[in-house]
Structure formats: structure tokens, C-alpha cells
Amino acid sequence: MTTKRLPLLSPERGLGSIIALAAVIFVLFPLVFDIFRLNLIGKYLSYAFVAVGLVLLWGYGGILSLGQGVFFGLGGYCMAMFLKLEASDPVSTKIQSTPGIPDFMDWNQLTALPAFWEPFKFLPFALLAMLVIPAALAYVMGAAMFKRRVGGVYFAIITQAVALILSVLIIGQQGYTGGVNGITDLKTLLGWDIRTESAKYILYYANGVLLIGAILVCRHLLSSKLGMLLLALRDKEDRVRFSGYDVANFKIFVFCFAAMLCAVGGALFTLQVGFMSPSFVGIVPSIEMVIFAAVGGRLSLVGAVYGTLLVNFGKTYFSETFPDLWLLLMAALFIGVVLGFPNGLAGLWESHVKPWWRRRGNATRLPVVGEARQGGVMADDKPALRERDGAPVINTTASGVSAMSPSPASPTWRSAN
Amino acid sequence: MAFEDIGGIIAMQGFAGLSLFSVLLLMALGLAIIFGQMGVINMAHGEFMTIGAYTIYLFTSLAQAHLPSLAPYSFVIAIGGAFLIAFVVGYLAEYLLIRHLYRRPLDTLLATWGLSLGMQQIFRSTFGAKEVSPEVPEWLLGSFQPVEGIDIPINGVFVMGLTLLVTGVVFILLYRSRWGLCVRATVANRTMSNAVGINTKKVDRLTFAIGCGIAGIAGAAFTTIGSTGPTSGSLYIVDSFLVVTFGGAASLLGTIASAFGIAQTQSITEFFLTGSMAKVLTLLLIVTILMIRPQGLFAAKIRR
């Protein structure tokens, strides 16, 4: 198992698949789908940030967080707060009893903008908060738990509780957060209307560029020493600790990094969909986000994106046409991925498609392979070998030849057949 | 007069806390066995409770349709039925799913989440998406007034009594029965238990099934308090896990203590704040304490 996984780590691999993914996102989808569907895909691709973060955190680090929706939501809300303040200028909200504050505050009898909303009038602050708040929360949670060596199941339960807390808080504080409906009716970003078709195209491409960028950064992290350490501490944490590494710091770093990725995804989600609501924060969406990564393959950054797309396409398709079947299918997906394909789509690709492709390729190239490598193994080649090797091996008996030949030649030869 | 009012409020508030305590404890008992003893994360725990609730619904409506004379007692029989059905489903779930995943706790979590989704859909297809509430027998309705100004609902007392009974039975089962001995031995050292001739696989299956059965009883009891829908199980799941974790996973006493603490905290904060803020504060308190003291209130004496 471990030996199979390691190739995914090596830096020179996987660039091809990232380029292929970029081609799919930037060329194939815009050509095939209209803007409505493309906007939908853009929404899915904003979830993919969470899945990519989970590959790092869960696949490599072995830390399962069931609270990634919290960070997704925090990022989304930071962006939504900025956009909402821009959308509720005194002119367009003059019918309210208190013009100039978001409509849901007015409905909840608030007469002034709460203090914590004030700084979100400035885009730089909103963008900074979008990255810093989730990372800070992740740092506090991570530092509290990883330093005390809480991991695995307990970490999952506590992150889940945090997801519940945040969603209950947002729903309960309707006047400050918009409640169950969330923050809706977002119109412009610095005067640029985000609801037009061209804006949707631009946002889709921006999302794609950021996603590919995030994958490249993650790939760089994984191919560095950090990736190796993450794998090591997932499999034998104590040994890493005994080797003198501060395990907790690495875990905290990955947790914060994944949280920031989620936040970026959340912000892009808000921009493309035009609202943010607590239904992306709670327990159910957080676990669903884990299944995106699990279906795609918890060890493959690119796979996670495909997994996200596949699960969401399935969700949209089935909940439109066979609403009864969707949950059952989702159940089968959870159980099947865990029992049958722990490495998801990427694992299937590595274990089935690639070998099959290689076999096919080798079958056509067999003569070439035979010419170059088969010497010494096949009986009729033996004289040739003796001649080529000349005097130094003139005394080599058949057994001598067979003793030296299997090492480089025979594996290729066998697999070619 | 004013003093009596305050006394009444305190008594009612205390009863509300106790009532919540018995609800939380009943919810968490099954999980205390499955998660606390076996270490299996059963995210479908809430759905096993829902099974119990729907069994009550089915039994009481059947009894009303065909055996009206039995109706007052059917509720008690139905609780037994709820245990049995949840037990059987739990047994099957362990056999088909859980036993393949004992070595991968995080994957168990995902698989049982899948199981819970599937069960929710099955409930929805069978009983409809609308919430149902079974006919509660008359002796469970209403309230009695021990003193003027104090109103104690009978269904609350019933749930409390049932909780007491189930907790007692679980205690006896775990600490005084052959099965309990096997469970504790398996938890302490699986390899050694195997070596001395305990069929640990069988013990696992039975333990899981009993935990699920107790969840079924809990769900059955909750039908006296609220209605049941296909997704009501998911409301309980985080609370149950927090109760067990907060108490210290392997300790039954810890589970009881933590259920008591959480219930009192929540009912007291509920008195001063809105329901959702009380919930947030309570959860926040639990999470903070768990971050500082991850082993929970009653730590098991094991070397890590």
C-alpha cells in the first residue's frame, strides 16, 4: 500500500494531470456548457478548494476535520458582508426605516450598523479578514488540541461540534448575520456588477486560476520535506516525534493552510452564487465536503477536484430527476468508497487505468523492448550475449548468466507479456 | 407569596434540568457502549433512535386499529419491540459493515454517516417526509401537582424512570454479567481475550447490537416528548457524542456525570437567554473544556 502511494509524492509526477485539469476547466467546460451551467460548475469548483485542503489535511496528514464548512462559511461570510454593505447604500435602501444598513438588520429592528460590521466596508480589510479569521480559528483549535496530542476521532468530534456551534450561532443571531436565509441580494463588487454574464465568465476563470494555483502550491508543499513529514506522522506519529520533530506544529500549519483554502473557496462561492447562508456551515455540508475528497481520492489533489465535480453533478442531476434515489446513492457512495475504494477515483486510475494503458502501449512496442532488454533470458539469445560480452565472461556458465540477468531485464520482460 | 413563586420557579427549573438530563443520558447510553467501550464511531446512532420511534408509531397505530382493548399497554410492549428491532438492525449493520472497519476508525465514521443517510431515505420512503407522533396512552398525558404552583409533566417523569431503569440494567449487564466481563476484557486487551477463549468477534457484534437496541429504547421514549421525522435522528447525534466524549469515553459514570452537567448548564442558561444562545454557550463551554482536558471528566486509567 505504502509503496503504491509514494509515487504520488514525487515532484516530477502529476504535472501532466494538472495541465489536463486546467484544460478541462479553461477550455472544455466553457466550450460545452452555457453560462448557467458554467456558473454551476464554478460553484462546484469553489467547493473543490475545500476538497484540495482535505487532501492535504486528511489524505496526507491523517487529520479528519468534520468542520471544514466552518472555514468555508467564514470566508464566504467575510466576502458577503463586504458585498452586502456595498449593496445597501443609503440611496437604494431609502425605503427602510433606517437607510444605509443591510435589509435584514432593518427587518430585525436594528437601528445602527453593529460595530463588527464597520470595518467590512473596506475591501482590503474584508479580504484580509477572509484569510486571517479562519486561519486564526484553525490555529486556536489546532494549538489547543494537537499540542495535547488529541487526534483522530476526538478531533473529528470536536470540529463537528464547532460546526454545529457556528451554524446555531448564525441562525440564532438573525439581526447580525441574516439568520437562516443568510446574506442575500449581493449586487456589486466595487461598482462592478457581479450578476451579469460577462462577470460570471470572469469569476469562473478567476476561480479556475486560483484553484489551479492552489493545487500547484499544495503540490509544492507535498513534494517538499513537509509532505514527507506529513505522511510519516500519519503513519507513525511517535517515530516522527522521537526523531525530534515538533509534530503538533506541522499539524497546526496544515490545518491552518487547509482552513485558508476553504475560506478562499467560500469567498469565491459567495461571489459566483450571490449569497451566503448557514446551510454551508453546519455538520451536513461539512461531512459532504469530506466525501468530495474521498470520492476523488484522498491522496490526489487533482482527483479531489474531479471527485467534487462528480459528486455535485450527481447531486444536481439526481435531486432534479430522482429525488428519492439521491440519498440512497449518496449512502452507497460513502460506504462504497470506504469499503471498496479507499483511494477513490485517483486510486482506480492508478491501479486499473494506468496499468491497462501501459499494457496496451507495451504490447505494440514489444519488439523494441525485446531487442533492448531481453538478452540472456531467452535461449536463442544466449550465444549472442556471450559473443557481445566477449572474453571477460567467456567462462560464464548458463547459471551465471541466469544469475545476473533477472535483475534489470526480467521484470520488464515479464510485465510486457 | 413571592418567596413561594421563586421556590416554584427553582423547582420547575430543576425538574426541567433533570428531564433534559434523563433525555441526554438515554441518548448517550447506547453510544457509551458502542463508542465508549468499542471505540466505534457510529454516526447512525440517531437513526437507530428513529427506528425505535417509528416502531412505537407502528405498534401503537396497529394496536389501535386491531386491538383497541390493548391500547393502554401497547406502549410498554412497543418499547420492547423498539429494542428488538433496533437490536436486529444493529446486528446486521455490524455484520455487513462495521466489522470490516475496526482498524480504521475515521473510515467507520464516514461509512456510518453513509448508513445514516440511507436509513433516513428509507424512513422517508416508508413513513413519508412528514413528522408523525404516535398516540400516547392516556396515563402518560397531563401533569400532576404535588404542591400548589408546581406542575410536573408525567411524560417527563416517565422518561426519567425509563432512563433510571435502562441505566441500571446497563450497569448490571456491564459489571455483573458474563457478557459485560467479556466486553470489558475485550476492550482492555483484545489479543489476550482471544487467547483465553473469548470469541471477541461475537462479543463485538453483540455489544454493537445492544448499544443500538438501547438507542431504540431512547427513540421510543422520546415519542412521548416530541414528534418523529425521517431526519430527527441527526438532531441528537452531536449531543450524544459530546456527552460521551465529555464524560471520558470509557467511563459509564463519566457519561452520567457529563449528561447531568450539560443538562443543568443548558437549562440554567436557557432561563436567562434564548434557546439558541443557551445551546451555543453550552456547546462552547464543553468544547473549551474538552480542548483543555481532552480525556474528559473521568479519564480511563490506561497508558497511552
**OP:** Go through the range B:275-293 and count every residue that is assigned to a helix (DSSP H, G or I) and facing chain A (nearest Cβ under 9 Å).
**Re:** 13
Subject >> Some residue of the range B:17-28 being more than 14 Å from chain A (Cβ to nearest Cβ), open to solvent by less than 10 Å² (accessible area, probe 1.4 Å) and among the small types (G, A, S) >> reply: yes
Original post:
So B:G296 clears everything in (1) open to solvent by less than 10 Å² (accessible area, probe 1.4 Å); (2) part of a helix (DSSP H, G or I); (3) within 12 Å of chain A (Cβ to nearest Cβ); (4) small (G, A, S) except one condition, right? Which one?
Top reply: (2)
Original post:
In the range A:144-164, how many residues are of a type outside the set (V, I, T), open to solvent by 10 Å² or more (accessible area, probe 1.4 Å) and within 9 Å of chain B (Cβ to nearest Cβ)?
Top reply: 6
Subject >> Pairs, first on the phi < 0 side of the Ramachandran plot in the range A:332-357, second of a type in the set (D, E), C-beta under 6 Å, six or more apart >> reply: A:V338/B:D107
Original post:
Of the residues A:S198, A:S97, A:S167, which is open to solvent by 80 Å² or more (accessible area, probe 1.4 Å) and either free of Cβ contacts under 8 Å to residues at least 60 places away in the same chain or within 14 Å of chain B (Cβ to nearest Cβ) (or both)?
Top reply: A:S97
Original post:
Inside the range A:221-248, can you point out the residues that are in contact (Cβ under 8 Å) with a residue 40 or more places away in the chain, surrounded by fewer than 21 Cβ atoms within 10 Å (Cβ to Cβ) and either charged (D, E, K, R) or closer than 30 Å to A:Y77 by Cα (or both)?
Top reply: A:L221, A:R234, A:D235, A:E237, A:A248
Subject >> helices (runs of 4 or more DSSP H) wholly inside the range B:1-97 containing at least 2 residues that are over 21 Å from B:A221 (Cβ atoms) and touching a residue at least 60 places away in the same chain (Cβ under 8 Å) >> reply: B:2-31, B:71-96
Original post:
Residues in the range A:136-155 that are in contact with a Pro (Cβ under 7 Å, 6 or more places away or on another chain) and not hydrophobic (A, V, I, L, M, F, W, C): how many?
Top reply: 3
Original post:
Taking A:G178, is it over 27 Å from the mean Cα position of the chain (by Cα) and surrounded by 21 or more Cβ atoms within 10 Å (Cβ to Cβ)?
Top reply: yes
Subject >> Filter result for B:F83 (open to solvent by 10 Å² or more (accessible area, probe 1.4 Å), at pLDDT 85 or above and under 13 Å from the mean Cα position of the chain (by Cα)) >> reply: yes
Original post:
Does any residue of the range B:213-230 turn out to be of a type outside the set (S, T, N, Q), away from chain A (no Cβ under 13 Å), crowded, with 18+ Cβ neighbours inside 10 Å and not in a helix (DSSP H, G or I)?
Top reply: yes
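The values are calculated or read from the model by the stated rules, or taken from the named source; none is laboratory data. It should be emphasised that the depicted structure is a prediction, and the values quoted were computed from it without experimental measurement. Please note: Cβ atoms are built from the backbone with ideal geometry, for glycine as well, and neighbour counts cover all protein chains shown. Calculation scope for accessible area: heavy atoms of the full protein, side chains included, ligands and nucleic acids excluded. Shrake-Rupley method; radii C 1.70, N 1.55, O 1.52, S 1.80 Å.
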